[in-house]
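Written below as structure tokens is the structure these notes are about.
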Amino acid sequence: MSTTARDTAEATTDLMRAVLALAADLDLTSLLERFVEASTELTGARYGAINILDEHGASRTFVQSGVDPMVMDRLGHAPHAVGVLGQIPDHGVLRLRDLTEHPAYQGLPAGHPPMGPFLGTAVRVVGETYGYLYLAEKDGGFSPDDEAVVGALGAAAAVAIQNAELYAVERRRENWLTAGQRITTMILEGADQEDVLTTIAATARRIDGADTAVLAFPGVDDRLVMEIVDGHAADELIGLVQVPGSRSVEVFASGEGDTVPSSVTAQHPLPPMRQFGPALYVPLRTEGQTVGVLILLRRKGAKPFTPSDLALSQTFAAQAALAVVLAEAREAQDAAALHGERARIARDLHDLAIQQLFAAGMQLESARQSSGAGVLPPAVTGMIDGALESVDSTVRQIRVIVRALDTDDATPPLVERLRREVDHAGVLFGFAPTLRVVLDGNQLAGAHHEHGDVDRIDQALGLARADHVVAVVREGLTNAARHARCEAACVRLDVRTGPDGYVTVEVEDDGVGLGEAGDRRSGTRNLASRAREAGGDFTMGTPPSGRGTLLCWTSPLG
């Protein structure tokens with residue numbers, strides 16, 4: 001065999017070996033490294049790289065061989081599709097004797113190694129340009145044989161890349177299914193709703209390679225609010241109210257998921273969202289109903305989300321929707337059980353306690369009448385009179401309690417609604433917050449109050465303003481429970497009737513204060529909006545004690 005034939009046979013063997021090595025690699029990062037190394041070895045190039053670009057022609061994945069990593073760090077970023085690199089055709093190759101002689105040459109960055117001979121070609125996968133291969137600096141320049149080698153390697157790499165991506169999709173599908181099973185188990189075991197949702201966000205971010213995951217739900221006024229945030233910029237995003245026309249609102253309304261490129265996110269109406277690049281929006285749907293939106297975000301320059309990302313995440317999003325619905329059903333069941341228990345207590349109080357007090361009162365009355373005949377000393381008669389008054393007062397108090405316990409849940413008094421919010425918040429805090437109600441300068445005593453005072457508060461505020469007050473207390477307590485890390489919390493309702501009447505709601509905690517949470521606490525924008533709608537004001541600051549946070553919401557009653 002001649003030397004030329006032997007060299008040709010060895011080159012063919014090397015090429016086949018490289019092709020087989022590419023076909024056997026299912027890890028995309030390793031595959032790209034193998035492809036670049038094989039391209040430089042088989043062509044004799046000193047430098048080689050594959051550059052995968054985003055929709056703007058900016059590099060999002062760059063794998064190179066030959067340039068010292070320290071030099072790459074000093075260069076700052078991978079090359080974009082400008083100058084000569086922007087002239088590489090989608091079909092065929094660009095082969096140059098000297099890179100610097102091309103009309104589109106714009107120079108090299110400071111510190112970049114000199115490059116003369118150049119060979120560039122597009123790597124196409126399933127008919128689309130996937131990336132570009134750059135080869136440079138070969139003694140004597142590149143030849144047509146090098147073009148053939150690169151073409152064969154590119155074809156093999158395209159098949160291998162497609163297989164690697166299919167394998168990655170299957171791996172992610174398996175990960176989504178496993179994660180869905182975990183969420184289902186948490187739901188069936190009765191895990192806390194927020195724990196389940198936090199796990200959903202963290203899992204979605206990890207599996208889909210996102211930098212941030214968000215779960216947005218309708219607030220008390222049906223506007224979407226970012227309630228659960230996991231990952232980068234969580235403090236900036238939590239509590240953001242989505243504006244009409246934003247993609248999350250559109251996805252919630254249509255029930256159809258969507259992927260968004262960096263160019264769209266850069267124009268987002270909410271400034272904190274503009275720091276991200278590709279985004280994916282998935283509706284949380286169950287039984288034809290949308291209950292929220294899962295949002296996955298990647299930083300600028302990252303790989304865009306694909307239709308397969310959207311399809312794979314939708315099944316998992318259904319698990320999140322199920323968690324929300326089941327939690328609401330469990331809450332409704334608990335409320336029904338509570339209502340039944342309250343009705344039973346009211347019945348027992350009416351049928352047993354009041355009857356026994358009546359019997360005791362009749363005995364005391366009989367004893368007082370006996371004292372009229374001089375049987376009992378005057379001091380004892382006075383004690384009997386006091387006891388009778390106490391019995392009468394107790395009967396009135398029990399009747400107030402019975403009315404409150406037996407009130408229709410659709411329209412309970414404001415004081416009762418606030419008491420329920422405080423009770424529910426105790427589960428989040430791990431302790432019971434306090435409730436203080438003041439009407440015209442007089443504090444209403446006890447957990448239940450005189451029926452007349454409760455009615456006066458409802459009449460002074462009206463239903464719409466009472467709904468605002470409940471929403472303020474709910475969001476204030478929720479914020480404190482999530483962010484304040486406090487040991488005590490207090491809700492104060494101050495109502496002043498008359499021509500210059502007003503209502504003031506305060507939620508105070510002794511937690512970490514505004515230094516860490518600031519005005520980024522979830523729902524504060526809602527509270528300010530509610531204050532404007534009610535013609536009032538909203539502030540959040542440090543209480544006189546110097547520790548914790550004081551939320552103050554006020555509205556005139558005129």
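Evaluate region 241-263: report whether one residue or more is more than 15 Å from the chain's Cα centre (by Cα) and at pLDDT below 75.
Within region 241-263, one or more residues are more than 15 Å from the chain's Cα centre (by Cα) and at pLDDT below 75.
Which of the residues spanning region 530-551 are within 26 Å of the chain's Cα centre (by Cα) and in a strand (DSSP E or B)?
PHE538, THR539, MET540, GLY541, THR549, LEU550, LEU551 - these are the residues of region 530-551 that are within 26 Å of the chain's Cα centre (by Cα) and in a strand (DSSP E or B).
Considering every residue within region 124-132, establish whether at least one is of a type in the set (D, E, K, R), under 17 Å from ALA38 (Cα atoms) and surrounded by 15 or more Cβ atoms within 10 Å (Cβ to Cβ).
no
Grab the helices (runs of 4 or more DSSP H) fully contained in region 188-256, keeping just those with 1 or more residues being not assigned by TED's automatic domain parsing to the domain that holds ARG285.
193-207
Being closer than 23 Å to GLY548 by Cβ and in a loop (DSSP other than H, G, I, E, B) is the filter here, so list the residues in region 464-513 that pass it.
Residues satisfying the conditions are ARG485, CYS486, GLU487, ALA488, ASP510, GLY511, VAL512, GLY513.
Looking at (1) assigned to a loop (DSSP other than H, G, I, E, B); (2) modelled with pLDDT of 85 or more; (3) of a type in the set (Lys, Arg), which one does LYS303 not meet, given that it meets all the others?
(2)
Let's see how each residue does on (1) without any contact (Cβ under 8 Å) to a residue 24 or more places away in the chain; (2) surrounded by 15 or more Cβ atoms within 10 Å (Cβ to Cβ):
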site	(1), (2)
THR61	no, yes
ARG74	no, no
HIS77	yes, no
ALA81	no, yes
LEU85	no, yes
ILE88	no, yes
LEU94	no, yes
GLU101	yes, no
ALA104	yes, no
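Quick check on my filter: what residues within region 154-176 are in contact (Cβ under 8 Å) with a residue 60 or more places away in the chain and within 24 Å of the chain's Cα centre (by Cα)?
Once the filter is applied, which keeps residues that are in contact (Cβ under 8 Å) with a residue 60 or more places away in the chain and within 24 Å of the chain's Cα centre (by Cα), region 154-176 yields ARG172, ARG173, TRP176.
Has region 126-134 got any residue that is more than 43 Å from the chain's Cα centre (by Cα), within 18 Å of GLU41 (Cα to Cα) and either in a loop (DSSP other than H, G, I, E, B) or in contact (Cβ under 8 Å) with a residue 60 or more places away in the chain (or both)?
No, region 126-134 contains no residue that is more than 43 Å from the chain's Cα centre (by Cα), within 18 Å of GLU41 (Cα to Cα) and either in a loop (DSSP other than H, G, I, E, B) or in contact (Cβ under 8 Å) with a residue 60 or more places away in the chain (or both).
If ALA266 meets every condition in (1) of a type in the set (Gly, Ala, Ser); (2) surrounded by 19 or more Cβ atoms within 10 Å (Cβ to Cβ); (3) modelled with pLDDT under 85 apart from one, which number is that one?
(2)
Does region 215-229 include one or more residues that are acidic (Asp, Glu), under 30 Å from SER59 (Cα atoms), touching a residue at least 40 places away in the same chain (Cβ under 8 Å) and surrounded by 16 or more Cβ atoms within 10 Å (Cβ to Cβ)?
The answer is no; no qualifying residue exists.
In region 264-278, which residues are of a type in the set (Ser, Thr, Tyr) and over 18 Å from the mean Cα position of the chain (by Cα)?
Result: no residue meets the conditions.
Tell me which residues, restricted to region 43-84, are touching a Phe, Trp or Tyr at 6+ places or on another chain (Cβ under 7 Å) and assigned to a helix (DSSP H, G or I).
THR43, GLY83, VAL84
Given the options LEU376, LEU444, LEU428, name the one that is surrounded by 13 or more Cβ atoms within 10 Å (Cβ to Cβ), at pLDDT 75 or above and out of contact with any Gly (no Cβ under 8 Å at 6 or more places or on another chain).
None of the others qualify; the one that does is LEU444.
The values are calculated or read from the model by the stated rules, or taken from the named source; none is laboratory data. Since the structure is predicted, the reported quantities are computational estimates derived from the model, not experimental observations. Here the Cβ is made from the backbone with ideal geometry for all residues, glycine too, and neighbour counts use every protein chain on show.
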